[in-house]
Every structure is written in C-alpha cells, then in structure tokens.
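For reference, the structure is listed below as structure tokens.
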Amino acid sequence: MSDAREGAVPHLSPEEFRRLGHRMVDWIADYWSRLESFPVRSAVAPGEVMAKLPEHPPEEGLGGEAGWESVFRDLENVVLPGVTHWQSPSFFAYFPANASGPAVLGELLSAGLGVQGMLWSTSPAATEMETRVLDWLAELTALPASFRSDSGTGGGVIQGTASEATLVAMVAARERVRARLGREAELVAYTSTQAHSSVLKAAMLCGVVRGVSDGVHLRSLGTDERYALSPELLEKAIREDLSAGRQPFFVCASLGTTSSGAMDPLPALRGVLERTGFTGAGGWLHVDAAWAGSALVCPEHRDMLRGLEDVDSFAFNPHKWLLTNFDCNAFYTRDRKSLLDALSVMPEYLRNAATASGAVIDYRDWQVPLGRRFRALKLWFVLRHYGAKGLRSYIRQHVRQAELFASWVEADTRFELAVPRSLALVCFRLRPRPGEEPAATDARNRQLLERLNASGKAFLTHTVLPGVDGAPARYVLRMAIGSPRTEERHVRAVWEQLVALTD
C-alpha cells in the first residue's frame with residue numbers, strides 16, 4: 001500500500017513543536033513555583049490512576065496542536081494527584097533526587113538531538129564531552145589522579161545508577177581474578193549488613209550467589225557501633241573462605257550507607273586485603289558513595305577520601321545531591337582494561353576505523369547495555385551554570401540545615417539522635433520511656449512518622465538499625481535534607497510539626 005493511500009503521518013511541524021515546547025517548559029516552571037501547594041506524598045489508592053486512563057489505546061491521534069489541550073488537562077487531573085513530589089522543599093525521604101533548570105535543559109537537548117552514543121564514531125561529541133566532564137568532576141571532588149582518563153589506566157564513565165556501577169565493577173573483578181588464577185574458582189564477595197541491596201543483586205546477576213539467601217558466596221558482615229564495616233570481621237571471613245578453598249574476589253565498601261550515612265574505614269579495609277593476599281590475587285575493592293560522594297566538592301568533607309587512592313573503583317550519583325536529574329552515576333576505575341576485558345563484544349556491524357585505531361573510547365564497553373544517551377550534556381550544563389562555588393554553597397546549605405535540625409533533637413529530652421549526624425542526614429527517634437519495652441518505643445515512633453506523612457506537609461522515611469552489643473534493633477526516623485528548594489523555614493516547620501504531634 002502506498003503512503004498516499006495510508007494517509008499522512010501527523011508529525012508536529014517545527015512551529016507546532018516550538019509552541020508546545022514553550023508551553024511545556026512554562027508548565028514545568030509553574031509546577032516548580034507551586035510545589036509547596038501539593039501534599040508531598042501522593043495519597044491516591046492503588047489502581048486510582050489507572051482507573052482514570054482509557055483501557056485501550058487511541059485509534060485516532062490528537063489531530064494537531066489543538067488536541068494537546070486534553071494532554072495538559074490530564075497532567076493536572078491524572079498525573080499530578082499520583083505524583084509524590086520529590087522536588088518539594090519538604091521532601092526529606094530516602095535520599096534526594098535532584099532536578100535543576102540547567103539539568104532539565106540538558107535532558108531536553110539530549111532528547112532533541114536523539115544521539116545514540118554507543119561508539120565514538122556514532123557521535124564523537126557524546127563520547128569526548130563525557131570524558132572531559134567526568135575528568136572535571138574528578139577534579140572538583142579531588143579524586144586520585146589514577147581515576148582520570150589521562151592517567152593511562154583509569155577513567156570515568158556515566159552509568160545509569162549506583163546499582164549498575166556495582167554490577168560493572170563486580171563483572172570486571174570476576175574477569176580479573178579468573179585471569180590471575182588461570183582457572184575457575186568458587187568466588188566470594190564481601191560487604192556489610194548496611195550496604196545497599198544492589199550488591200546482592202549484582203552477585204545474583206553475575207552468578208556468584210545461588211539465590212537471595214546465599215550467605216556463603218556473598219558475606220554480609222557486621223559493623224561497629226557507628227554501623228561501618230568491621231575490618232576485623234572482614235579479615236576473619238576472608239581467612240575462613242581461603243581455608244575452605246573458596247576465592248575472595250570482591251569487596252564493596254560504602255561511604256554514606258542508606259540507613260544511617262555510615263562511612264566504612266577504607267585505609268583499614270585496604271590493610272586487611274593486603275595482609276590476606278586478596279590484592280595479590282586480583283581482588284577488587286569497590287566504593288559505593290552514591291549519596292555522600294557529592295559532598296566531596298567541599299574540601300571540609302574530604303576526610304572520606306582517605307584510602308581512596310588504593311581502591312579499584314568508585315561511584316557516586318550526581319542525580320542524588322548534585323543538581324543533575326536522574327539518571328546520572330559517575331563511575332571511576334583505576335583499571336579500565338579489566339572493564340574492557342569483561343564487557344567488550346565486537347560484532348561485525350559495529351566495526352569501524354576509529355575503534356580499530358585504538359585512539360578513541362567506545363563507552364559501550366564500559367557498561368552493560370549497548371546503547372547510551374547523551375547524558376553528559378545535563379552534567380555539563382550543571383557544572384557550567386553553578387560552577388564549583390555554587391555547588392559548594394548548595395551542599396553546605398543542606399549540611400547547615402541538618403546541623404540545625406540535629407541540635408533541636410538533642411535539646412529536646414523526648415527525642416534522641418540514633419547515630420551522629422552524617423552530612424545532611426539526621427537519624428533520630430523518640431526516646432524510650434522509663435521501663436518501656438523496645439517494641440512499644442518502636443510503635444510510638446512508627447505512629448509519629450505515619451501521622452507526619454499523612455498530613456501531607458512533609459515526607460520522611462524510616463530505617464531499622466541493628467542493636468549494638470546485644471541491644472535490640474531500633475526503629476528510626478530519617479531526615480534526609482537535599483531538595484534544591486529547601487530553606488531553613490521548611491526544616492523548622494517539620495520540627496515544629498514533630499513536636500506538636502508528640503505533644
């Protein structure tokens with residue numbers, strides 16, 4: 001059938017796109033300006049959004065620009081009621097997921113260019129900008145020179161998430177250990193009980209563990225009183241596995257755990273790995289700093305860097321706390337050869353002169369998927385717009401707000417800090433009453449959080465921290481400050497509401 005008989009395809013004309021694009025940008029800007037008018041957490045019931053959507057796809061399109069009126073109505077009536085407002089100044093749950101004007105413009109440009117940057121040759125700008133911007137970011141965060149692209153052995157790449165970064169690091173570690181040993185071995189990975197669940201998922205995807213409950217091939221080790229991985233327990237576990245004929249191959253340390261913001265002691269961990277022969281066998285030490293890594297733009301937070309010069313890979317998420325919208329994980333390695341050895345595949349249809357020359361980077365070989373968007377644009381826009389000074393001010397603003405909130409908790413005898421404040425994360429709870437059972441204390445804290453969140457005025461989440469020295473586990477509230485729009489008045493309002501609910 002000819003195109004004429006099929007009918008015209010209703011593409012937007014450039015002018016229609018221009019007008020709708022202006023209107024959509026206006027809608028987003030208006031949304032940001034009215035964020036405080038919405039309940040922070042969506043209150044819809046399961047299935048409520050779906051019930052507002054037609055059961056079947058439309059046969060006829062919108063019929064041009066005028067038909068888009070219904071789209072903008074549905075944004076208000078269908079989408080917004082079902083949105084939890086992550087950009088709200090009163091969003092204090094999980095960790096932040098920043099979006100900023102420069103980042104959104106970069107995302108728009110990436111979508112408009114429609115680049116598929118799998119190879120250098122498929123868009124040289126996508127590759128070379130990513131290399132440069134990741135080097136900029138390494139400089140801004142004072143990472144060791146061995147992580148830079150000009151080091152000769154290392155370099156950075158944008159992954160989608162910290163979970164992908166952990167998986168890539170584990171795949172590279174598996175390849176390197178196999179190459180060193182010259183044989184297959186029963187592999188074991190190590191992390192702490194407080195590490196992110198992505199470590200377990202990576203081990204499952206790698207075939208290292210045999211299921212979620214496999215504690216033999218992924219050792220989740222205990223922590224100290226601040227919930228940092230215990231070097232003593234790591235050394236004991238590695239020696240046990242070596243004695244049993246198993247091969248230690250991967251350790252994931254955390255800088256800023258999800259539950260409490262704990263920082264694992266990198267120098268001590270590296271000492272363990274050297275003493276046990278882990279390093280000599282090709283074992284890999286990966287550092288997940290998904291949230292906390294952004295704070296490295298501030299010199300006063302660079303104590304975290306101690307020991308980083310000896311790790312094999314490091315990753316953090318600018319999409320959490322550095323004003324770059326999801327998804328954008330900055331992954332660095334000192335050993336890019338092991339990544340390439342583990343992940344390179346070259347079908348005939350991808351062969352080209354630039355790749356064959358060895359003079360270019362093909363980032364497809366640094367990640368799990370083949371395809372990749374031009375994500376460097378949004379990070380480039382953010383770094384250029386804010387500059388190092390602006391980014392430092394941004395981080396410091398949130399840390400100051402967290403210090404203030406923690407001081408209010410400490411000054412009120414009904415509350416307590418569950419652990420010392422970590423950057424802009426405060427973990428706190430109602431104190432136990434005299435003679436009160438731990439379960440009753442937990443229940444009061446759970447009720448307090450539920451009532452706060454139900455109000456719609458703020459949104460916090462919780463965690464459960466293991467007991468120390470035989471003490472029972474504790475239900476804890478988390479105040480994670482990080483929205484671009486959060487001011488002191490928003491932090492104070494949450495505290496006042498907590499006090500009122502407690503009264």
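The values are calculated or read from the model by the stated rules, or taken from the named source; none is laboratory data. Quick caveat, the model's predicted, so the values are computed rather than measured. Cβ sites come from the backbone with ideal geometry, for glycine too, and all protein chains shown count toward neighbours. Note: areas computed on protein heavy atoms with side chains; ligands, DNA, RNA excluded. Shrake-Rupley method; radii C 1.70, N 1.55, O 1.52, S 1.80 Å.
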- Query: Excluding ligands, DNA and RNA, what is the solvent-accessible area per residue of the range 236-390 at a probe of 1.4 Å, expressed in Å²?
  - Reply: 36
- Per residue, in Å², the accessible surface of the range 66-165 once ligands and nucleic acids are set aside, probe 1.4 Å: 39
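Roughly to the nearest percent, how much of the accessible area of the chain is carbon and sulfur, given a 1.4 Å probe?
Here carbon and sulfur together make up 54 percent of the probe-accessible area.
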- Can you pull the Rg over Rh of the chain, Cα-only, Kirkwood? 0.99
- Once R73 and E450 are pulled to full extension, the length gained, defined as 0.36 nm per residue separation minus their Cα-Cα distance, is 132.6 nm
- Query: What is the range 56-156 by shape, rounded, prolate or oblate, if you read a ≥ b ≥ c off the alpha carbon gyration tensor as root eigenvalues and call it rounded for a/c under 1.5, prolate for a/b larger than b/c, and oblate otherwise?
  - Reply: oblate
- Taking each pair of different alpha-carbon atoms in the range 10-82 once, compute 1/r for the pair, average those values, and report the inverse of that mean as the Kirkwood hydrodynamic radius in Å to one decimal. 14.3
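Which loop trypsin sites (Lys or Arg not before Pro) in the range 277-369, with loop taken from DSSP, have no more than 14 other Cβ atoms within 10 angstrom of their Cβ?
When the trypsin sites (Lys or Arg not before Pro) of the range 277-369 are filtered for loop state and at most 14 Cβ neighbours within 10 Å, R306, R351 remain.
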- Find how many whole Å separate the alpha carbon centroid of the range 169-183 from the alpha carbon centroid of the range 7-25. 51
- Query: Taking Cα centroids, how far is the range 443-495 from the range 319-357 in Å?
  - Reply: 38
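By the gyration tensor of its Cα atoms, with a ≥ b ≥ c the square roots of the eigenvalues, what is the shape of the range 1-125: rounded for a/c under 1.5, prolate for a/b over b/c, or oblate?
Oblate, since a/c reaches 1.5 and b/c is not below a/b.
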- Note on the structure: Checked against a 28 Å limit on the C-alpha separation, the offending pairs among K337/K389; K320/K457; K236/K320; K201/K457; K201/K389; K236/K337 are K337/K389; K236/K320; K201/K457; K201/K389; K236/K337
- Message: Whole angstrom only: what separates the Cα centroid of the range 216-261 from the Cα centroid of the range 89-154?
- Response: 31
- In Å, what Rg and Dmax follow from the Cα atoms of the range 339-425? 23.2, 70
- Note on the structure: Residue ranges of DSSP H helices in the chain that stretch 27 Å or more (Cα, own long axis) and have mean Kyte-Doolittle hydropathy of at least 0.0 are 162-181
- Accessible area in square angstrom per residue, the range 441-503, 1.4 angstrom probe: 43
- Query: Residue separation times 0.36 nm, minus the C-alpha to C-alpha distance between L80 and R23: what's the value?
  - Reply: 18.8 nm
- Pull up all non-local amide H partners of A195: gap of 5 or more, or a different chain, and H-to-H distance under 5 Å with H placed in the peptide plane. none
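Starting from the Kirkwood Rh over alpha-carbon pairs, what translational D in µm² s⁻¹ does the range 363-497 have by Stokes-Einstein at 20 °C and 1.002 mPa s?
122
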